[in-house]
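Below: one structure, written as structure tokens.
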Amino acid sequence: MRGATHAKWAALATAVALAATACGGGDDSGGGGGADGIVSSSWGDPQNPLEPANTNEVQGGKVLSMIFRGLKQYDPKTGEAKDMLAEKIETTDSTNFTITVKDGWTFSNGEKVTAQSFVDAWNYGANLKNNQKNAFFFGQIEGYDQVHPEKGEPTAETLSGLKVTSPQTFTVKLTQKFSTWPDTLGYAAFAPLPQSFFDDHAGWLAKPVGNGPYTIDSYAKGSQMELKRWDDYPGDDKAKNGGITLKVYTDNNTAYTDLIAGNLDLVDDVPAAQLKNVSADLGDRYINTPAGIIQTLSFPFYDPAWNKPGQEKLRQGLSMAIDREQITETIFQKTRTPAVDWTSPVLGEEGGYKDVCGDFCKYDAAQAKKLVAEGGGIPGGTMKISYNADTGSHKEWVDAVCNSINRALGNNTACVGNPIGTFADYRNQVTTQKMTGPFRAGWQMDYPLIQNFLQPLYYTNASSNDGKYSSEQFDKLVDQANAETDISKAVGIFQQAEEVLRDDMGAIPLWYQNGSAGYSTRVGNVALNPFSVPVYDAITVN
Amino acid sequence: MGRYVIRRLLQMIPVFFGATLLIFLMVNVMGDPIAGLCGDRACDPATAAQLRKEFGLDKPVWQQYLTYMGNVFTGDFGTAFNGQPVTELMASAFPVTIRLTIVAILFEIVIGISLGVLTGLKRGRPVDTGVLLLTLVVLSIPTFVTGLLVQLLLGVKWGWINPAVSPEAPFDELIVPGLVLASVSLAYVTRLTRTSIAENKRADYVRTAVAKGLPRRRVIGRHLLRNSLIPVVTFIGADIGALMGGAIVTERIFNIHGVGYQLYQGIVRQNTQTVVGFVTILVLIFLLANLLVDLLYAVLDPRIRYA
């Protein structure tokens, strides 16, 4: 009887479903408490394979910050670059450096960290054949154009500017003076690599081995990584918890919900939609601290319509037409701070953070209208602010900026938003110079140096100078600052360069971004470093 | 019947090529994926060129397509940007989504058809009106609203379920997401079954069956339901593909690392290999599900014969 067989099938299917239900295990987060407690934290799927010189986004960076220690380490509070594996870094001319690596450090597989570990890692990172996305960090070292030519095949395997002189020392020769170069060495791209990286590359990628306070226990790509404290870690920043479990979430809203429901200990990116509830939900377990991230509006200087003499007044006028206070308060719930210069507050006054922008960054509708008119008005009468619509909720603030400009200028068609579907498409149009109006730009610092906020972005033809801003005077001052051996003097010259940028209004500074995080009652001592990455090793479990 | 199946399988070939070509072109017109790979900072030109070469993006689109299809037939679906082979992504994503789809389909069949039969038999009664209203409500609320609401109530407020599904995604954790995913289709199934049952209830063969004195259960189960199920089976069959591909919203809300999530990642990162690979498999599943539906017709209704 066919009818009966159908019924049997349905019953069978139901039974299978029920059986599967019964044996599906529930998952309880975390082992015990105290010093061996495990902290669970939200994570996003890293975009690139996890290699120090190939990781350029924050998710992969989190892991590197746990499993690697470099020559320098940035202080989680002040951002100051302090010696970590570096015994000393000496120079007399800001071009030739002698680096001594501390004795007694090993990788977690027992291998010794020597000068060679650094030189090999840097040579690997710089070599064009290895497709490392952060290769240009080695660009200042002599011989870079041979291992990483702009066109064609590399003519050398190793950087000629790197020489191992004894087991624990090596010398570096730069192509030009760069006095603050040692302070860049805390960046993850400069981390040392063990021999196993080169011997069994695929194996290493499946389970990276480093020299930091944590080791990777298991790594299920795309879903979860379990890191355990490395008990033999020789540094003095030993982990105060038993380990960190990084869980990939499809959406940061879900991670937040999981935190509220008590299934997760730490969320390091509170979604914009939840900012209104976060105080009620978490109270003082919500962290909102400045990070080294600045948002700006860049201009297409390659477009003749936007590169006429006298147009600096137009750009300055537009800057004054943006009500930063109001937008950061209503749209960002104070997770952004109105910008007063082109750097970031995390640098501190000593590092070069200073109110350079002055009145040009303050809302003044009358003055704005006047300056825009003096600057020849908006090219074509209407300008479009381009942004990518897929991530980062940029639409809201771009619309608010446009409203503010329209209101100040008394012209409802002066400014409109121009959404572009995906980030990739947006970046594609930006890097191929297809922009016809201002576009959003975000900059997250690589290391807390004023140089990092100015040179890569506004130096002529620099790597991230997407608007193709160019000023002889600015370039000259940056070169001069890099050559200056006295750090505080160098900072002063960088600030002069910043004044040039202000007078040209090479880009409109909008606001500094804060890092935001929330955590459960199970953990304590949670803080974000200036890169808005949690200081994992300091977290305690109650 | 055999010839019919073979003919259908052959017909799948042009559909398969057409669909993959379309997807391939669609992903390609979105521009250069390497541009998004380096974040807010541009890749240096040499590295970008090198990456383009490695992923074969420096060749003309038609050549890329041919190479790609050639590789597909040897089981090589290429590499995602994070260095993982796409087949590895599939191996982790498809089982999860298949489980989710099974849960959803079971809900559709069990709840949808039961409610449909119930309301179809009791047309115009309060229970019919009630269910009708209920399906209207379900149909009018978007899935993401239902999903978020259910997650908030069951997951956070009452604590009955975990708001997020664990990476292993066992069946029990997928029950609620499955119900959310099935909700809209479930309402359709209910309404389709109801109409079909109500229509056939007055058909001659049902009257004959009743007149013969067959027990009520047999009249409904064997005669009425079997004929009424044809449109429902068509719908559910087509829905298998739709559910698998359309799980993006549900999977995002409940943290399910399935096909929808991988597709979303692939699109956001403009990863041609991932998107085309997953869609290729989805197209195959869709085609097979449709074939299965057509074959089921013959089982359900002997009048439908294939020469």
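Quick notes on this one:
- Using θ = phi - 60° in the Karplus curve 6.51 cos²θ - 1.76 cosθ + 1.60, the 3J(HN,Hα) couplings for the range A:520-529 round to 8, 6, 5, 10, x, 6, 8, 8, 9, 7 Hz; x is entered for Gly and Pro.
- Sequence-separation-based contact order of chain B, relative, with Cα cut under 8 Å and 6+ spacing, percent: 27 percent
- Options B:Val29, B:Ala80, B:Gly130, ranked by Cα towards positive dipole end of chain B, top entry (Cβ charges): B:Gly130
- Rounded if a/c under 1.5, otherwise prolate or oblate - chain A, Cα gyration tensor axes: oblate
- Highest-MSF residue in chain B out of B:Tyr68, B:Tyr205, B:Tyr264 [GNM, Cα springs under 10 Å]: B:Tyr205
- Shape box of the range B:1-87 [Cα atoms, principal axes, largest first, Å]: 59, 24, 21
- Near A:Met383, the amide H atoms lying under 5 Å from its own belong to A:Cys415, A:Val416; only residues 5 or more places off or on other chains count, and H is placed 1.01 Å from N.
- Model label zone, B:Thr234; criterion: amide N under 14 Å from point 7 Å along Cα-to-beta-carbon; scope the range B:272-307: B:290-291, B:293-298, B:301, B:304
- Applying 1/(1 + (r/R0)^6) with R0 = 35 Å to the Cβ-Cβ distance of B:Ile98 and A:Thr106 gives a FRET efficiency near 0.15.
- Ranked from largest, the principal axis spans of the Cα set of the range A:142-264 equal 55, 37, 33 Å.
- Taking every residue in B:43-54 and counting other chain Cβ atoms within 10 Å of its Cβ, the average works out to 5.
- Rounded to 10°, Cα long-axis angle of helix B:225-245 versus longest principal axis of chain B: 20 degrees
- Mean separation of Cα contacts under 8 Å, 6 or more apart, over the residue count of chain A: relative contact order %: 19 percent
- Rounded to 10°, Cα long-axis angle of helix B:272-300 versus longest principal axis of chain B: 20 degrees
- Acute angle (nearest 10 degrees) that the helix B:259-268 long axis makes with the longest principal axis of chain B, alpha-carbon atoms: 40 degrees
- The simple Förster model, with R0 at 30 Å and r as the Cβ-Cβ distance, assigns A:Lys88 and A:Glu157 a FRET efficiency of 0.55.
- Taking amide H atoms as placed 1.01 Å from N in the peptide plane, the amide H of A:Glu80 lies under 5 Å from those of A:Asp75, each 5 or more residues away in sequence or on another chain.
- Rounded, prolate or oblate (a/c below 1.5 giving rounded, otherwise prolate when a/b exceeds b/c) for chain B by Cα gyration tensor: oblate
- Of the cross-linked pairs A:Lys88/A:Lys112; A:Lys129/A:Lys228; A:Lys163/A:Lys476; A:Lys334/A:Lys354; A:Lys221/B:Lys59; A:Lys102/A:Lys238, those separated by over 25 Å at the C-alpha level are A:Lys129/A:Lys228; A:Lys163/A:Lys476; A:Lys221/B:Lys59.
- Residue mean of other protein chain beta carbons inside 10 Å, B:157-167: 5
- FRET E, pair A:Asn96, A:Asn307, Förster distance 51 Å, beta-carbon r, rounded to 0.05: 0.80
- Shape category assigned to the range A:330-441 from the gyration tensor of Cα positions, a/c cut at 1.5: oblate
- The radius of gyration of the Cα set in the range A:418-510, together with its Dmax, comes out at 14.5, 47 angstrom.
- Residues whose amide H comes within less than 5 Å of that of A:Ser516, counting only those at least five positions distant or on another chain, are A:Val270 (H built at 1.01 Å from N in the peptide plane).
- Shielding value for B:76-88 is 3, the average number of Cβ atoms from other chains within 10 Å of each residue's Cβ.
- Ordering B:Val275, B:Ala209, B:Phe171 by Cα displacement along the dipole of the range B:162-281 toward the positive end leaves B:Ala209 in first place; charges were set at the Cβ atoms of Lys, Arg (+1) and Asp, Glu (-1).
- The modelled label-to-label distance for the pair A:Glu80/B:Leu154, using points 7 Å beyond Cα in the direction of Cβ, is 5.4 nm.
Readers should treat all values here as calculations from the given coordinates under stated rules, not as data from a laboratory. All values reported here derive from a predicted model rather than from experimental measurement. Cβ atoms come from the backbone with ideal geometry, glycine included; neighbour counts cover every protein chain shown.
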